[in-house]
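Structure, as structure tokens:
The values are calculated or read from the model by the stated rules, or taken from the named source; none is laboratory data. The model shown is predicted, which means the values in this text are computed figures rather than measured ones. As a convention, Cβ positions derive from the backbone with ideal geometry for all residues, glycine included, and neighbour counts pool all protein chains shown.
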Amino acid sequence: MSDALTQVEFEFVSMGQGPALLFLHGLFGHPTNWQPMMEALAGEYRVLALRYPFFEDKRLHGVQALTDYTLAFMDSQGIERASLCGNSLGGQIALDLCLKQPLRLNKLILAGSAGLWEAQPNSQLPRATREFIRQQAEKIFHDPRHVDDELIEKLYEMLQDRVFVRTLLRLARDTQAYTLDDKLQYIQQPTLLVWGENDKITPPEVARVFKQKIPGSRLVFLPQCGHAPPLEQPERFTEEIRSFLSEPFGQA
């Protein structure tokens, strides 16, 4: 861990006691995405959700830097080992951490994970009209009701900032370039893949490739669900997590 990261003030949510379960969000995510799961599991686990300051901290431009950031957070909380649950870019960070520091990981849960292939913005975004933003945001969800006017206005304001847009495109390029295809065979931790049947960002065929390449992994598809299972199917997602984590290591 770098000296700089020992001085970081991490933003996170934590509740409960027991074995550590760390939730990792995606590019436009936030710790609050995990709130229903955390509240449901806090009676059995020490659940934590870390916020990644993608657009504020220039040191975090790349998956490997985000992995180091995650490890520094675990160290700051005295967590020697944890199970990781990552959505989208958070899944790619979890995979990278698992490959680099396997002794720090108990079990691995991936939902719509990056790391193989995902739909990414082009090198230049068209003018960010509200209509364009709505069209792109609706690709994340099966149910378009999750894309309300408040979300569109928030994204619209963010995309007026040129520095934000450059950072977004750089992160997207870095994520896409850092593929883990040839490394997945080395993952030995019990792994659960939870995927939306209607995921348009990392489609179901991507989940099937993950299952094929990660030894012994288990794949569950959630109906009427897109790229964000924690938001669209929180109850079912929680059931899958609880069942998976409760199994002895040899059965996962």
Pull up region 210-220, narrow it to residues that are in a helix (DSSP H, G or I) and under 18 Å from the mean Cα position of the chain (by Cα), then point me to the one that is nearest to Ser243 (Cα to Cα). Lys211
Return the pairs, sorted by first residue and then second, in which the second residue is of a type in the set (S, T, N, Q) and buried (at least 16 other Cβ atoms within 10 Å of the Cβ), the first residue lies in region 6-32 and is closer than 25 Å to Arg170 by Cβ, the beta carbons are less than 6 Å apart, and the residues are 6+ apart or on different chains. His25/Asn33; Gly26/Asn87; Gly26/Ser88
Would you point out which residue out of Gly91, Gly29 is at pLDDT below 95 and touching a Gly at 6+ places or on another chain (Cβ under 9 Å)? Gly29
Just checking, which of Thr191, Thr202 is touching a His at 6+ places or on another chain (Cβ under 8 Å), buried (at least 18 other Cβ atoms within 10 Å of the Cβ) and either over 17 Å from Leu27 (Cβ atoms) or of a type in the set (Val, Ile, Thr) (or both)? Thr202
Residues of region 70-99 being charged (D, E, K, R) and farther than 28 Å from Pro203 by Cα, which ones? Asp75, Glu80, Arg81
Among residues of region 1-26 being part of a loop (DSSP other than H, G, I, E, B) and at pLDDT below 95, the residue surrounded by the most Cβ atoms within 10 Å (Cβ to Cβ) is Gly26
Just for region 51-80: of the residues that are among the charged types (D, E, K, R) and within 16 Å of the chain's Cα centre (by Cα), which one is surrounded by the most Cβ atoms within 10 Å (Cβ to Cβ)? Asp68
Can you say whether Asp96 is over 26 Å from Phe237 (Cβ atoms), surrounded by 14 or more Cβ atoms within 10 Å (Cβ to Cβ), of a type in the set (D, E, K, R) and touching a helix residue (DSSP H, G or I) at 6+ places or on another chain (Cβ under 8 Å), as far as the supplied structure shows? no
Failed item in (1) at pLDDT 95 or above; (2) within 16 Å of the chain's Cα centre (by Cα); (3) closer than 27 Å to Leu168 by Cβ, with Ser83 passing the rest: (3)
Picking from Leu192, Leu168, the residue that is within 18 Å of the chain's Cα centre (by Cα), of a type outside the set (Lys, Arg), farther than 24 Å from Gln101 by Cβ and not in a loop (DSSP other than H, G, I, E, B) would be Leu168
Scan region 70-101 residue by residue and report those that are in contact with a strand residue (DSSP E or B) (Cβ under 8 Å, 6 or more places away or on another chain) and hydroxyl-bearing (Ser, Thr, Tyr). Thr70, Ser83, Ser88
Scanning region 218-242 for residues that are among the aliphatic types (A, V, I, L, M) and touching a residue at least 40 places away in the same chain (Cβ under 8 Å) gives Ala228, Leu231, Ile241
